[in-house]
Amino acid sequence: MLAELHEDIQSFRHYLQAERRMAENTLLAYGRDLDRFALWITGGGLADYRQPTLADFSRYLGCLRDEGLAPASAARHLVALKMFYRFLRLEERVSSTPINLLSSPALWERLPQVLSPEAVDKLLRGPQAADRFFLRDRAILETLYATGCRASEVVGLKLADLHLESAFLQCTGKGSKQRIVPVGKQAIAALRSYLGEFRGNLAAAGEAPWVFVSRGGKKISREMLWVIVKKYVRRLGLNDRVSPHTLRHSFATHLLSGGADLRTVQELLGHASIATTQHYTHVDRDRLKALHKQFHPRAK
């Protein structure tokens, strides 16, 4: 049975790539999720993957929660499983499954980590002239916050995607969907300094199409971007949970705080569903409560 499960997972991956044309990062994430599910089955979690019950799926989600998996990651696991079992039904490998009765694990959902505008300013000033990659790192941090782009979108930026004279850039998001994102003056200045004064000094950088390159002139990875952000987070003594995605969360929350409408923020973030963008309204609710308490005559 386990051999058949692995064959089905491999067929599903091929289906996502060839027929659904999913982005490489999504394919890798779903693949890891299903490998984890297969490992759980191997450990005795499920007798027959072709005949799961609602209780089986609930137990699996419970195991993910007990292992400390982030709510967003657990929700993605559930999406991967739903798509996998939908595929098995199309292939007539299973007759029916109760998995669609399960909703995302909202009971243990965690709100996004957000920095205050002051903390963001502090982080953006983190790179110093004495740092070896000062101009590059400053441009990376400025771009992350100015655009709200995902880490994968920032490392995937090419020189041809930058339109600094017109104050925008073009990024490629999930599902290879492209969108236009405005760029502010400070980020433009940081990018111009990096491109004009430093990027050409990196080995073979002149041949690389990527905006952000490593010491060897190669495209930096998402993992390297994470390391860069963490370096300055720790230097400045900020919350250790701060990551590249925190700047995306902060970008969205600060826009909403400033009066931007939800649909505009959805478009800037590249969210397929506005329900995802609505998470940021919950984050900003505490600020609204504090303002109400401070200024409303009957709030105290």
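The values are calculated or read from the model by the stated rules, or taken from the named source; none is laboratory data. Everything quoted here is computed from the prediction, not taken from an experiment. Using ideal geometry, Cβ is built from the backbone for each residue, glycine included, and neighbour counts are taken over all protein chains shown. Surface areas here come from the heavy atoms of the whole protein model, side chains and all, with no ligands, DNA or RNA. Shrake-Rupley method; radii C 1.70, N 1.55, O 1.52, S 1.80 Å.
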Problem - Nitroxide proxy distance, nm - points 7 Å out along Cα→Cβ at residue 48 and residue 7 - result: 1.7
Practice task
Filter the cross-link list 82/230; 82/218; 174/230 down to pairs whose alpha-carbon distance in this structure exceeds 26 Å.
Solution key: 82/230; 82/218
Fill in the blank from the handout: Given a Förster distance of 30 Å, the FRET efficiency implied by the Cβ-Cβ spacing of residue 272 and residue 128, rounded to the nearest 0.05, works out to 0.15
Exercise for the section: Among (1) 28, 22, 18; (2) 36, 21, 17; (3) 38, 27, 17, find the value of semi-axes √(5λ) of the Cα gyration tensor in Å that was calculated from the structure presented, and write down its label. Expected result: (3)
Practice task
Roll a 1.4 Å probe over the protein heavy atoms and report the accessible area of residue 30 in Å², nearest 10.
Solution key: 30
Practice task
Given the options 123, 115, 255, state which has the largest fluctuation in a GNM of the chain using a 10 Å cut-off (strictly under) for Cα springs.
Solution key: 255
Handout entry: Angstrom value of the Kirkwood radius, inverse mean 1/r, which spans all Cα pairs in segment 208-288
Key = 14.7
Handout entry: aspartates and glutamates with Cα under 20 Å of residue 158, excluding same-chain neighbours fewer than 8 positions away
Key = 24, 137, 142, 197, 207, 223
Practice task
For 152, 96, give the ranking by accessible area with the largest first, probe 1.4 Å.
Solution key: 96, 152
Problem - Gyration tensor (alpha-carbon) shape descriptor, segment 159-259, a/c threshold 1.5 - result: oblate
Exercise for the section: Grab the other residues whose beta carbon is less than 13 angstrom from that of residue 83, score K and R as +1, D and E as -1, and report the net. Expected result: +2
Exercise for the section: May I ask for the angle, rounded to the nearest 10°, between helix 2-18 and the longest principal axis of the chain, with both axes built from Cα atoms and the value confined to 0 to 90°? Expected result: 40
Fill in the blank from the handout: Once both label points are put 7 Å beyond Cα along the C-beta direction, the residue 186-residue 93 separation in nm becomes 5.0
